[in-house]
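In what follows, a single structure is set out as structure tokens and then discussed.
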Amino acid sequence: MQTLKYRLRDAERDFERASDADRPRIQADIDLLHKQIADQTAAIENPQAAAEKTEKSIAAGLEREREPAKPVSGVSRTRFINPPPATAPGYFQDRNKENALIRDFLRDESKRMLTINGRAGIGKTAMVCRLLKALESGQLPDDLGEMRVDGIVYLSAVGTRQINTPNLFADLCRLLPADTAQSLDALYRDPKVSTESKMFALLAAFPAGRVVVLLDNFESVVDSTACCITDAELDEALRALLNAPHHAVKLILTTRVAPHDLALVQPGRHATIHLDEGLDSPYAENILREMDADGKAHLRDAPDALLDRARVRTRGFPRALEALYAILSADRYTTLEEIIGDVGAR
């Protein structure tokens with residue numbers, strides 16, 4: 001509380017000395033500090049009420065996450081298991097070509113595994129989660145048309161549900177009728193049955209339709225040197241998914257390191273998207289302008305040439321653009337020109 005009060009006094013002094021151009025930015029800090037002090041005061045005076053309010057906020061947030069982006073008659077037509085590992089921001093831009101490639105993969109019954117390979121911060125997870133979120137209501141994003149999906153399973157190394165065979169098997173079973181799921185669960189618990197046989201039986205329960213499984217941050221289970229899967233049971237399960245007779249399960253991997261050995265299994269059933277490049281102009285510049293909706297970071301109304309230099313310096317990587325905006329928002333004395341100049345000097 002005392003730290004917040006010190007910061008408020010500093011901000012009020014800065015406001016008195018600031019130019020007219022910088023005052024809106026400082027005023028936003030002052031307003032935020034007043035709110036934080038009020039919230040902290042309430043929490044100190046009534047900690048139980050503050051805890052209950054936090055729990056309600058978390059519950060409401062989770063419920064919003066589970067709502068489809070474009071509900072059809074107010075009801076989602078797709079069952080989905082686990083929360084998605086990310087939510088695409090409202091200022092998401094472009095990736096239209098990649099979205100079309102994902103659509104083609106989902107439509108092609110001969111394809112079973114799509115690997116989206118690219119460096120950290122390039123936007124792999126946000127892109128896929130945005131598309132799958134739209135699919136929950138039967139629509140592809142960016143006017144790419146309708147598509148029915150019977151179920152979506154989210155597994156992520158950084159999410160609430162880790163990538164491993166028990167989770168993959170159990171979560172796919174949750175999309176099946178209770179009696180079928182129960183018999184498959186009994187089969188999975190039998191130590192005498194191989195992982196391949198268990199997966200074949202599971203996949204046979206999905207003879208038609210379209211079920212999508214996202215394995216996000218898949219590099220967590222890949223040896224970066226040998227480019228092979230480190231979990232032997234998971235490796236066998238994914239090989240079974242590729243080798244099994246016809247089924248309706250589609251697998252999407254987002255990863256910084258592609259599993260080369262897995263790519264050699266039924267190569268005709270694989271598809272790959274290499275996400276190497278950041279956003280082109282004007283998409284990167286649009287992100288900077290839209291993040292600074294109130295203009296306090298001086299990005300919204302910045303000259304096109306200056307924002308183009310920012311795009312070049314960040315290579316158009318979405319996470320780098322977000323970091324640039326965060327720096328300007330957190331430090332009201334730093335300008336975009338200074339940051340770009342510092343990068344250029346190095």
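Residue-by-condition table, conditions (1) at pLDDT below 85; (2) in a loop (DSSP other than H, G, I, E, B):
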site: Lys5; (1), (2): no, no
site: Arg13; (1), (2): no, no
site: Arg25; (1), (2): yes, no
site: Lys35; (1), (2): no, no
site: Ala49; (1), (2): yes, no
site: Glu67; (1), (2): yes, yes
site: Arg77; (1), (2): yes, yes
site: Pro89; (1), (2): no, yes
site: Asn99; (1), (2): no, no
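You will find that of Arg189, Arg210, Arg174, the residue that is basic (Lys, Arg), under 17 Å from Arg112 (Cα atoms) and open to solvent by 10 Å² or more (accessible area, probe 1.4 Å) is Arg210 and no other. For segment 291-324, give me the residue count where each residue is more than 19 Å from Asp31 (Cβ to Cβ), part of a helix (DSSP H, G or I) and within 19 Å of the chain's Cα centre (by Cα). Residues in segment 291-324 being more than 19 Å from Asp31 (Cβ to Cβ), part of a helix (DSSP H, G or I) and within 19 Å of the chain's Cα centre (by Cα): 6 in total. Residue check: Asn286 meets all listed conditions (1) more than 25 Å from the chain's Cα centre (by Cα); (2) in a helix (DSSP H, G or I) but one, namely (1).
Scanning segment 203-256 for residues that are of a type in the set (A, V, I, L, M, F, W, C) and free of Cβ contacts under 8 Å to residues at least 40 places away in the same chain returns Ala205, Val222, Ala226, Cys227, Cys228, Ile229, Ala232. Does any residue of segment 150-157 turn out to be open to solvent by 10 Å² or more (accessible area, probe 1.4 Å) and closer than 21 Å to Tyr91 by Cα? So far as segment 150-157 goes, no, none of its residues is open to solvent by 10 Å² or more (accessible area, probe 1.4 Å) and closer than 21 Å to Tyr91 by Cα.
Can you confirm whether segment 234-252 contains a residue that is open to solvent by less than 60 Å² (accessible area, probe 1.4 Å) and under 18 Å from the mean Cα position of the chain (by Cα)? Yes, segment 234-252 has at least one match.
Tyr333: at pLDDT 90 or above and among the hydroxyl-bearing types (Ser, Thr, Tyr), yes or no? It is false that Tyr333 is at pLDDT 90 or above and among the hydroxyl-bearing types (Ser, Thr, Tyr). Here Tyr325, Tyr283 are screened, and the one residue that is under 20 Å from Glu98 (Cα atoms) and among the aromatic types (Phe, Trp, Tyr) is Tyr283.
Once segment 81-124 is narrowed to residues that are open to solvent by less than 40 Å² (accessible area, probe 1.4 Å) and among the β-branched types (Val, Ile, Thr), the residue that is farthest from Asp150 (Cα to Cα) is Ile122.
The values are calculated or read from the model by the stated rules, or taken from the named source; none is laboratory data. No experiment lies behind these values; they were computed from the predicted model shown. Glycine gets a Cβ as well: all are built from the backbone with ideal geometry, and neighbour counts include every protein chain shown. Surface areas here come from the heavy atoms of the whole protein model, side chains and all, with no ligands, DNA or RNA. Shrake-Rupley method; radii C 1.70, N 1.55, O 1.52, S 1.80 Å.
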